[in-house]
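Let me begin by presenting the structure, written as structure tokens, before commenting on it.
The numbers here are math on the coordinates, done by the rules we state, and not lab data. As the structure is a prediction and not an experimental result, all values here were calculated from the model. As a convention, Cβ positions derive from the backbone with ideal geometry for all residues, glycine included, and neighbour counts pool all protein chains shown.
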Amino acid sequence: MDWKTKLLIRRIISLVILSIFGLLAFIPLYWMVITAIKPATLTLQFPPELFPRNPTLQNFKDVFQRPMLFRWTFNSLFVAGAVTTLQLLLCSMAGYSLAKKKFPLGKLLFSIYIASMMIPRQVTLVPLYILVSKFSMIDTYWGLILPGVAAPFGVFLMRQFMVSIPSEIIEASRIDGASEWGTYFRIILPISKPALAVLGIFTFVGEWNNFLWPLIVTNTSKMKTLQAGLALLQEEVPMQHAFLMAGATYAAIPMIIIFFAFSRYFLKGVTVGAIK
Amino acid sequence: MAVTVWKRMWKQRAGYYFVLPHFAFYLMFFLIPVGWGVYLSFFKYDVFTQRFIGFDNFVNLFTDWLFLKALGNTFLYTFGVVPLWLGKALLVTVLLYPFRNSIKTFYKALFYLPHVTSSVIISMIWLWVFNPTYGLLNYFMRSVGLEKIAWLGNKFFAMPSLIFMQFIMGGGSTIVLLSAAMASIPEYYFEAAKLEGASSWKVFTRITVPLLKPTILYAMIMGTIANFQTFSNIYIMTQGGPEFSTITIGYLVYTTAFRDYNLGLASAMSMVMFGILAVFGFIQFKWLGSNVEY
């Protein structure tokens, strides 16, 4: 065997192994969609159909009949949208300050931001719950949104990106007579678009998928987000597999679309902070 | 001295203006809750009483079999999942390395896809996959001639099943991370080793792994932190059962606080959790921490 054949065989073996791992992660998602478009009775059949012969949209119709479903969807959209908007504005400002302004306590502040990213969510859960109830914000949009805005990761991400912006640009803008705010708005923000895109996408997807906090801070069905709503459905009708998978598919599809539309930002965003 | 600091602060006030809006939220909804959590962990805090009890919560925790069980399960889960993830991610990264970019991007996207799907949805899907009577996994078991298994209904299988699920679905971000790190290693390192006749295994253990060490460390710490807090899969799939075989600290904190309304005890649990993670981080850093220059 010459070396070319050897190389080819190696490549093929590599592809087979990669595809096996990839398929294993993909099959459950496929199974969700397949179950969602099966007639409900066919889910209680063994062996199961791997390729549905009579696909139907009935399960989705049933899910959409569910009184609160669109309300949950709206809540998820609104909460994720609000947190993302506020994070983009506030984190880019804070990141700019920590990257480019030299002021007393600035370094300490940044260290606190970094260290706090290691704290598990359970640590703030109970006090945050008491705090939010003292503010009478249990079961309100405020209670859902404000703790999300406080997350430190965005500041870290923006600061890491903005450190590499040449300071000369900022000085030049100041010499040309731009105000602090004008410099931030007209110089820093446009340069930071890639970082803003990464932060925006990660925050939106993270908030859309967030479960623990919405579970705790909401009491009534009408304030639940889609994830908390799905968990409720799972508890109510655990045996209606087709119905549940239709709900899951409905909640998963927007994020999958966002992922494919912006995949290069996702793949880039993962490396922030880990690789210089 | 003090005057000059104030002067500098005044001169650089724009710095504070820009950081303050976020910091206000961060202080109110993050830092204060962390401090308050520490404070609460020394209190008996429930519907009826709010009373300082010193270290009693902690003493009670370490004599409470359920907490110790949860602690053990959480260790089992984390140390099951994280090495499997890292192994999978390293294997995939190395195998993917020689391919051209379009193929790399395709596989990276494939592996990352489960990460944009919420843990609630993933758990719902796997609850269905693990279904003892009609589930996909038991269908495969039967197709290869094995018996059906009550994956989540059996106290010996439940935890390994959850680890297996996490192994199959996770690791995508580590793959993306390691691929990026590996792409930044100069190619002639690998070429030189090959020219001198090093085997693939040698190249992997002597060059690839040492050069990826900082990234592996990062992925390990992040993976440990994330899996140590696991909650959604337990909440949706097992509620800690059967016979508490899958109860984790992340889940026990939730039930203690929001079902039993024992807020002080739950805070103490979260502090223990935090303490353990801090120790882990420190050990992992010491163990793998020496920086690599290339």
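Quick notes on this structure:
- Kirkwood estimate for the range B:58-288, i.e. one over the average of 1/r between Cα atoms, Å: 19.7
- Low-density loop positions, trypsin sites (Lys or Arg not before Pro), the range B:36-123 - DSSP coil, at most 14 other Cβ in 10 Å: B:Arg100
- Magnitude of the charge dipole, the protein assembly as shown, Cβ model with Lys/Arg +1 and Asp/Glu -1, debye to 20: 1140
- Kyte-Doolittle mean at least -0.5 and Cα axial length at least 18 Å: DSSP H helices in chain B: B:13-26, B:65-96, B:101-116, B:209-228, B:263-288
- Spin-label proximity, A:Phe46 to the range B:150-169 - amide N less than 16 Å from point 7 Å beyond Cα toward beta carbon: B:150-154
- GNM flexibility winner over chain B from B:Val203, B:Val272, B:Val82 (Cα, springs under 10 Å): B:Val203
- Normalised by the number of residues in the range B:173-294, the mean separation of alpha-carbon contacts (under 8 Å, six or more apart) gives a relative contact order of 26 percent.
- Between B:Leu68, B:Leu110, B:Leu86, the residue with the greatest mean-square fluctuation in the GNM of chain B (Cα pairs under 10 Å linked by springs) is B:Leu110.
- Taking chain B as a Gaussian network of alpha-carbon nodes connected by springs under 10 Å, the highest mean-square fluctuation of the residues B:Pro83, B:Pro186, B:Pro160 belongs to B:Pro186.
- Estimated [θ] at 222 nm from DSSP helical runs (n ≥ 4, -39500 (n - 2.57)) normalised by residues in chain B, nearest 500: -21500 deg cm²/dmol
- Förster radius 35 Å - calculated FRET efficiency between B:Phe52 and A:Glu236, Cβ distance, rounded to 0.05: 0.25
- Within the straight-line cut-off of under 19 Å between alpha carbons, the lysines reachable from B:Lys69 are B:Lys155, sequence neighbours fewer than 8 places apart in one chain being disregarded.
- Neighbourhood net charge (11 Å Cβ-Cβ; Lys/Arg +1, Asp/Glu -1) for B:Phe42: +1
- Volume in Å³ per residue [convex hull over Cα atoms, computed for the protein assembly as shown]: 193
- Residue order for B:Tyr26, B:Tyr97, B:Tyr261, fewest other beta carbons within 10 angstrom first, comes to B:Tyr261, B:Tyr97, B:Tyr26.
- Residue list for the range B:106-126, given a label point 7 angstrom along the Cα-to-Cβ vector of B:Glu187 and an amide N cut-off under 19 Å: B:106
- Taking the charge dipole of the protein assembly as shown about its Cα centre, with +1 at Lys and Arg Cβ atoms and -1 at Asp and Glu Cβ atoms, the residue from B:Asn57, B:Val47, B:Ala180 reaching farthest to the positive side is B:Ala180.
- Summed residue charge, Cβ within 14 Å of A:Glu171's Cβ, Lys/Arg positive, Asp/Glu negative: +1
- Bridging of A:Lys100 to lysines at a Cα separation below 21 Å is possible for A:Lys193, A:Lys276, B:Lys7, B:Lys11, once same-chain residues fewer than 8 apart are set aside.
- Space enclosed by the convex hull of the alpha-carbon atoms of chain A, per residue, Å³: 207
- The range A:131-183: radius of gyration over Cα atoms, expressed as a fraction of 2.2 N^0.38 Å: 1.84
- Inter-label distance, B:Glu243 to A:Lys222: 4.7 nm, where each label sits 7 Å from its Cα along the C-beta direction.
- Proxy reagent accessibility, fewest Cβ within 10 Å first, across A:Met68, A:Met223: A:Met68, A:Met223
- Gyration tensor verdict on the range B:162-212 (Cα atoms; rounded if a/c is under 1.5, prolate if a/b is larger than b/c, oblate otherwise): prolate
- In order along the range A:196-205, the phi-based Karplus estimate (6.51 cos²θ - 1.76 cosθ + 1.60, θ = phi - 60°) of 3J(HN,Hα) comes to 4, 4, 4, 4, x, 5, 5, 5, 4, 5 Hz; Gly and Pro are listed as x.
- Cα centroid of the range B:1-33 to Cα centroid of the range A:205-248, whole Å: 39
- Exposure proxy ranking for A:Ile256, B:Ile207, A:Ile13, based on other Cβ atoms within 10 angstrom of each Cβ and starting from the fewest, stands as A:Ile13, A:Ile256, B:Ile207.
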